[in-house]
Structures are given as structure tokens and as C-alpha cells.
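The values are calculated or read from the model by the stated rules, or taken from the named source; none is laboratory data. None of these values were measured; they are calculated from a predicted model. Note: ideal-geometry Cβ built from the backbone for every residue, glycine included; neighbour counts use all protein chains shown.
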């Protein structure tokens with residue numbers, strides 16, 4: 001098997017999880033690792049990941065690392081709140097002749113729905129570098145496009161599609177992102193997600209992708225944001241929510257087709273599994289799951305639980321799966337004509353080389 005040479009850019013929660021898998025993966029060869037933290041610069045990549053020494057050193061010199069021969073950059077940058085930084089990094093990689101797969105700029109999950117300025121910036125870099133770009137989405141994207149799109153191929157008739165992400169928000173590593181949405185906030189304060197049009201700009205991409213796949217037109221989107229106030233303060237794994245503040249929130253975007261809400265993207269985040277008891281909850285796990293419900297012929301309910309292989313942590317499992325979904329698209333992204341790709345442009349991706357993997361050392365199990 002020919003190995004794809006890759007550069008991993010970003011070693012936060014997702015980047016490190018992916019890097020641990022790529023270092024022993026038979027389909028990929030890691031030829032460079034770019035970090036932001038000065039404390040990580042110069043450290044052996046094995047040391048960063050808890051694996052044996054590799055001889056490969058982490059670097060903050062993007063120009064030097066991007067000059068190395070490689071087919072792709074796997075980009076796991078800061079959150080979408082840092083759009084200017086992310087676009088600067090992504091365009092630098094693309095113009096350096098490196099194809100890019102990433103999980104940071106969720107707006108590009110569906111390039112047809114991306115803001116024109118962002119889409120045109122990436123398209124120009126792809127033209128200049130003769131490269132291709134694929135965003136796998138961030139929350140995780142495959143829960144709102146890949147999973148429902150695959151199941152829709154089993155149907156003779158589709159009346160309604162409803163995806164739900166259930167998240168254990170209390171152990172989620174990026175508490176700042178959840179707080180920026182409105183979790184743990186006072187219900188007396190206006191929530192960011194109450195801003196008209198914001199939810200459609202964030203989650204409209206996969207919703208409209210589903211509509212395109214089904215050959216229907218979305219007439220409008222309906223945005224709903226709810227917060228569940230806790231009657232008493234709750235200390236949870238990564239923080240604390242005060243009485244009267246949101247210990248759970250629900251983010252729902254519905255697409256209207258033929259006058260009815262027929263495509264729904266839903267998120268339910270709880271700081272502990274027992275709050276918001278009247279809201280839907282997963283059937284397969286106390287806190288984590290991605291559920292797809294299709295009403296039609298046949299009716300389909302699929303619930304997917306992702307968990308870390310050693311700890312069982314759902315956040316770790318979900319974040320790794322988000323990253324690997326993008327990485328496993330590399331063979332097809334490399335082969336594609338220059339430009340931005342979406343899930344609808346890619347074939348079935350089954351995880352090339354995944355069964356030839358070396359096991360992690362016992363100390364990591």
C-alpha cells in the first residue's frame with residue numbers, strides 16, 4: 001500500500017487524538033507536525049502523544065514544514081471563533097501545494113451555503129496551489145450529513161429526517177464554545193444563539209445538503225433555542241452552573257419543505273445526564289449519542305455511540321471520529337480536481353488501512 005504523506009497542523013484535543021492514530025497507521029506517513037504552543041516546539045512527536053520517540057520534532061515554523069514533500073495537511077486549528085487565523089493557515093497550506101482536510105471551519109462543510117467571502121478565499125487558494133479542500137464539519141459533521149445521507153439511500157419514500165446530537169457538556173473540553181452559545185448563562189441574559197439567522201448560518205449547511213440529496217427545496221428555516229434552568233447550583237466535571245442558569249440547552253434548526261418541517265438538525269447538551277428530564281435523551285448511552293430518525297418507507301432509527309477505546313469517554317470518541325472522518329477522505333481529496341469538496345462529492349469512505357494498525361502500547365490502554 002502506498003502511504004500518503006501528511007502534515008498535522010494543530011495538536012489540541014482533536015489533533016492529538018488523530019496524531020496518535022496516524023503515527024502507527026499503514027496508509028499515512030506523518031512528515032510534519034505544526035503546533036501553536038511554544039512549550040511544544042522542538043519536542044518529539046512521540047513525547048507529545050505518549051508514544052515512543054519518533055525522531056520527528058514539533059515545529060512552529062509553518063513555512064519550513066509546508067516546504068516538505070506531502071500530499072495533504074490535516075488541519076485541527078482553534079475554534080471557528082478564530083476565523084481570520086484559520087483562513088490564514090488554510091490558505092497558506094493550499095498555496096504551498098498541499099491538499100487540506102479539516103474540522104475547524106464548519107461553514108465550509110457545505111460550500112454552496114458558505115459565506116461568499118470565506119468560500120472565495122479558499123477557492124482562490126485552491127486555484128493558486130492546484131489543490132483541493134474538504135471540511136468534515138465540527139459537531140460532529142458526519143452526524144448531520146454522512147449518517148443521514150447514507151441511511152436515506154435505504155428508503156423508498158422519505159417524509160421527514162431528524163438528526164440529534166446528544167452531548168455530555170459537563171465533560172466537553174471546549175467549555176468556552178459551549179458558554180459562548182449560552183450554556184451555563186442566566187436565562188435573564190440574551191443568548192447568542194437567539195440572534196436571528198445565526199443558527200441557519202452554522203447548521204444550515206448540512207440541512208440544505210440533505211435537501212439537495214433528496215431533490216427538494218427548502219422554503220425557509222425555523223430556529224429554536226431553549227435553555228433549561230437548574231433550580232440549584234450544580235458542580236460538574238469541568239465547571240459549575242449557578243441556580244437559575246442553563247444546565248442544558250437545545251438547539252434546533254428545521255427546514256420547511258412543502259409547507260412542513262421536514263428536515264431537522266437538533267442538538268441537546270446537558271452538563272449532567274439527569275438535567276432537563278423532559279427533553280429527549282439517548283437510548284444507548286446516559287449522555288452521548290448521534291441519532292438519525294427517518295419517517296417514511298421504511299421508518300428508520302439509528303443511534304450511534306462513539307467512545308474512547310481506553311476510557312469510554314464519549315467526547316474523546318466523538319472528537320477522534322470527527323478528525324478521522326476528514327483524514328480518511330485524503331485519498332479522494334488528493335485525486336480530485338482543485339477546489340472545495342463536500343460529502344456529496346466523495347464516494348463511500350471505508351477507512352483505508354484501518355485494519356493494518358499497530359496497537360497502542362500497554363501504558364496507553
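Quick notes on this one:
- Only one entry in 71, 64, 29 is touching a residue at least 40 places away in the same chain (Cβ under 8 Å), outside the structural domain of residue 180 (by TED's automatic domain parsing) and over 24 Å from residue 178 (Cα atoms), namely 71.
- Residues of the range 12-26 satisfying the condition of being in contact with a helix residue (DSSP H, G or I) (Cβ under 6 Å, 6 or more places away or on another chain) and in contact (Cβ under 8 Å) with a residue 60 or more places away in the chain: 13, 14, 17, 18, 20, 26
- Of residues in the range 74-105 being within 15 Å of residue 341 (Cβ to Cβ) and in a helix (DSSP H, G or I), the one farthest from the chain's Cα centre (by Cα): 94
- Conditions (1) within 21 Å of residue 288 (Cβ to Cβ); (2) more than 20 Å from the chain's Cα centre (by Cα); (3) surrounded by 15 or more Cβ atoms within 10 Å (Cβ to Cβ); (4) in contact (Cβ under 8 Å) with a residue 60 or more places away in the chain: number failed by residue 185: (1)
- Note on the range 188-222: residues that are in contact with a helix residue (DSSP H, G or I) (Cβ under 8 Å, 6 or more places away or on another chain), surrounded by fewer than 18 Cβ atoms within 10 Å (Cβ to Cβ) and in contact (Cβ under 8 Å) with a residue 24 or more places away in the chain amount to 6.
- Residue in the range 58-69 that is assigned to a helix (DSSP H, G or I) and at pLDDT below 95 present: no
- If the condition is being outside any loop (DSSP other than H, G, I, E, B) and crowded, with 17+ Cβ neighbours inside 10 Å, then the range 32-56 contributes 32, 33, 34, 40, 45, 48, 49.
- Residue match in the range 104-118 (condition: closer than 19 Å to residue 86 by Cβ, out of contact with any strand residue (DSSP E or B) (no Cβ under 6 Å at 6 or more places or on another chain) and free of Cβ contacts under 8 Å to residues at least 24 places away in the same chain): yes
- For the range 230-256, a residue qualifies if it is without any contact (Cβ under 8 Å) to a residue 40 or more places away in the chain, closer than 13 Å to residue 276 by Cα and touching a strand residue (DSSP E or B) at 6+ places or on another chain (Cβ under 7 Å), and exactly one does: 250.
- Number of residues in the range 280-299 that are out of contact with any helix residue (DSSP H, G or I) (no Cβ under 7 Å at 6 or more places or on another chain) and under 22 Å from residue 318 (Cα atoms) equals 9.
- Selection count, the range 223-251, where residues are out of contact with any helix residue (DSSP H, G or I) (no Cβ under 8 Å at 6 or more places or on another chain), part of a strand (DSSP E or B) and surrounded by 15 or more Cβ atoms within 10 Å (Cβ to Cβ): 10
- Selection status of residue 316, within 23 Å of residue 106 (Cα to Cα), within 21 Å of the chain's Cα centre (by Cα) and assigned by TED's automatic domain parsing to the domain that holds residue 172: no
- For residue 210, the conditions (1) closer than 29 Å to residue 335 by Cα; (2) touching a strand residue (DSSP E or B) at 6+ places or on another chain (Cβ under 6 Å); (3) outside any helix (DSSP H, G or I) all hold with the exception of (3).
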